[in-house]
Amino acid sequence: MWYPFLVLLVLSSTIDVSNQDVIDNILMSLSKGITYFDMQGRNINLDGVVGYLILQAQLQEATRTWPHSDFPSLSQRAAAVSMLKRLNKSLSTAVSALQETDPKYFKEFEPILDSSFWSLPAEWSSTDPSLVYNSVRSMECYDEQLSDKCMTLLLGTWKDNGTPCIVTKSCRDTMTQFGCPHYSLSHQLLYFMIGTMKGCSRMLKGDLRLSRVNITVEHYKRIFCSNMMKSNQDIIKNAITGQMQDIFVENILLCGLVGFSDFYKLDWLQSILTWQDQEAGCFGKEDGCSSHMTGVAVSALGGFLNYYLSEQDITKRPLI
C-alpha cells in the first residue's frame, strides 16, 4: 500500500528540485546583472534604468510573497533580499545621474522612474492565436519622437503641471493601428500599459470608428500580446542575433507584466540566460554591452522569477 505513495513523494520532490534549479539560475543571472549595474549605473540610459526599476518592483514582490517551503527556498529568498539591497543603492545613484545628464528627458519620464509606478499582474492569462494579424507591415508604424510625445501626454509631463491622460487623434490612430511589427507593436502595448498604470480610464474616449466600438483597453493588450507571441515564435525559429534578441526579450518583459504567462516558457528563459556576458554581467549585441537590452533582460528575468515562484507555491495553484 505504501509503494505508490513513495513513488508520488519521489516524483514531487524531483519536480520541486528542478523548479528550484530554475530559480537558482535566474538568481545567479540577476546577481551578475546587478553587479554590472553597480559598476555602470551612472552611464546607463533612461531605458536601461527603467528596466532595473521594474526589476526592483519584481524583487520587492518576490521577497514579499516568497513561498516559505523549506531551507533551500529560504536561502534563495535571502539571496534575493541581498540583491534588492544592492539594487536599491545602485538605482539611487543611476537616477541622480540621469537627472544631471539629461534633465529635460528625465523630467518628461520622471513618473515612470519609480518602482511603485509599475504594477505586477494579479492573475495570469494566455494569448489568443485567433487574434494574430493576417499580414504585418515590413516597416515600423511610428517614430520614437511621436511615441515619446504620446507617452508624455498620458503622464502629464508634456509641460510643467500638464494635464495627464490626454489622447490626441494622432496618438490614438498610431497606437491602435493593426498590423505593426516589432518595436511599433511593443510600444503600442507600452502606451496602453502606461495609460492603465497612470489611471487614464477613458483612453479610448473620442474613438468614433464603428469597427472599434467594442474594443476595450484590455482587448487591445490581448491583441498586441497575441501578435507579440507570434513574433517571438517566428524569431525563435531563426538564428537570433542583435536587434531580434532585443525585440524577443522586450516582448516577454511587457506581455509578462500584463499577465500573459505563456511568454514564460522554460526554453525561452534558457535562451536568454545564454545571451548574458558571463564576465561583465550585461546583455547586448555581439560587439559589447547594450544598456537597453540589459535593462530589458533583467526585468524580463524578474518576471520569470515571480512566475516560477507562483508555480512553486502550491497555495497559488488551482485545485484539481
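From the list L305, L309, L253, L266, which one is modelled with pLDDT under 95 and hydrophobic (A, V, I, L, M, F, W, C)?
L309
Here is a list: L113, L154. Which entry is crowded, with 16+ Cβ neighbours inside 10 Å and in contact with a Gly (Cβ under 9 Å, 6 or more places away or on another chain)?
Unique residue meeting the criteria: L154.
Collect the residues in segment 236-249 that are more than 19 Å from L120 (Cβ to Cβ) and part of a helix (DSSP H, G or I), keeping them in residue-number order.
Selection gives I236, K237, G242, Q243, M244, Q245, D246, I247, F248.
So which residues in segment 238-271 are in contact (Cβ under 8 Å) with a residue 40 or more places away in the chain and among the aliphatic types (A, V, I, L, M), if there are any at all?
I247, V249, I252, L253, L254, L257, V258, L266, L269
Among what's in segment 278-312 and is of a type in the set (F, W, Y) and within 19 Å of W66 (Cβ to Cβ), pick the residue that is nearest to the chain's Cα centre (by Cα).
Looking at residues that are of a type in the set (F, W, Y) and within 19 Å of W66 (Cβ to Cβ), I get F304.
Looking at segment 138-157, which of its residues are part of a loop (DSSP other than H, G, I, E, B) and modelled with pLDDT of 95 or more?
G156, T157
From the list I272, I252, which residue is within 23 Å of P121 (Cβ to Cβ) and assigned by TED's automatic domain parsing to the domain that holds R42?
I272
Pick from segment 185-215 the residues that are assigned to a loop (DSSP other than H, G, I, E, B) and among the hydrophobic types (A, V, I, L, M, F, W, C): which of them is modelled with the lowest pLDDT?
Residue satisfying both the conditions and the ranking: L208.
Taking only segment 140-152 into account, find how many residues are without any contact (Cβ under 8 Å) to a residue 24 or more places away in the chain and not polar (S, T, N, Q).
The qualifying residues number 3.
List the residue pairs whose Cβ atoms are under 8 Å apart, where the first residue sits in segment 107-127 and is more than 16 Å from L254 (Cβ to Cβ), the second is of a type in the set (A, V, I, L, M, F, W, C) and part of a loop (DSSP other than H, G, I, E, B), and the two are 6 or more positions apart or on different chains.
E108/W158
When segment 79-132 is examined, which residues are found to be at pLDDT below 95, outside any helix (DSSP H, G or I) and farther than 19 Å from L309 by Cβ?
D102, D114 - these are the residues of segment 79-132 that are at pLDDT below 95, outside any helix (DSSP H, G or I) and farther than 19 Å from L309 by Cβ.
Out of all the residues in segment 282-297, is one or more within 22 Å of G48 (Cα to Cα), polar (S, T, N, Q) and surrounded by 23 or more Cβ atoms within 10 Å (Cβ to Cβ)?
Yes, segment 282-297 contains a residue that is within 22 Å of G48 (Cα to Cα), polar (S, T, N, Q) and surrounded by 23 or more Cβ atoms within 10 Å (Cβ to Cβ).
Please enumerate the residues belonging to segment 216-250 that are among the polar types (S, T, N, Q) and within 17 Å of I194 (Cβ to Cβ).
T216 - this is the single residue of segment 216-250 that is among the polar types (S, T, N, Q) and within 17 Å of I194 (Cβ to Cβ).
So Q233 passes all but one of these: (1) in a helix (DSSP H, G or I); (2) crowded, with 21+ Cβ neighbours inside 10 Å. Which condition number does it fail?
Among (1) in a helix (DSSP H, G or I); (2) crowded, with 21+ Cβ neighbours inside 10 Å, the lone unmet condition for Q233 is (2).
Considering only residues that are surrounded by 14 or more Cβ atoms within 10 Å (Cβ to Cβ) and basic (K, R), look in segment 62-88 and name the one that is nearest to G281 (Cα to Cα).
R86
Give all pairs with beta carbons closer than 8 Å in which a residue from segment 216-229 that is part of a loop (DSSP other than H, G, I, E, B) meets a residue that is surrounded by 21 or more Cβ atoms within 10 Å (Cβ to Cβ); count only pairs at least 6 apart in sequence or on separate chains.
none
Checking the condition surrounded by 13 or more Cβ atoms within 10 Å (Cβ to Cβ), over 18 Å from N306 (Cα atoms) and either modelled with pLDDT of 95 or more or of a type outside the set (F, W, Y) (or both), which residue from Y36, Y52 passes?
Residue meeting the stated conditions: Y36.
The values are calculated or read from the model by the stated rules, or taken from the named source; none is laboratory data. In this text the structure is predicted, and so the values were computed from the model without any measurement. When we count neighbours, we look across all protein chains shown, and the Cβ atoms used for this are built from the backbone with ideal geometry, even at glycine.
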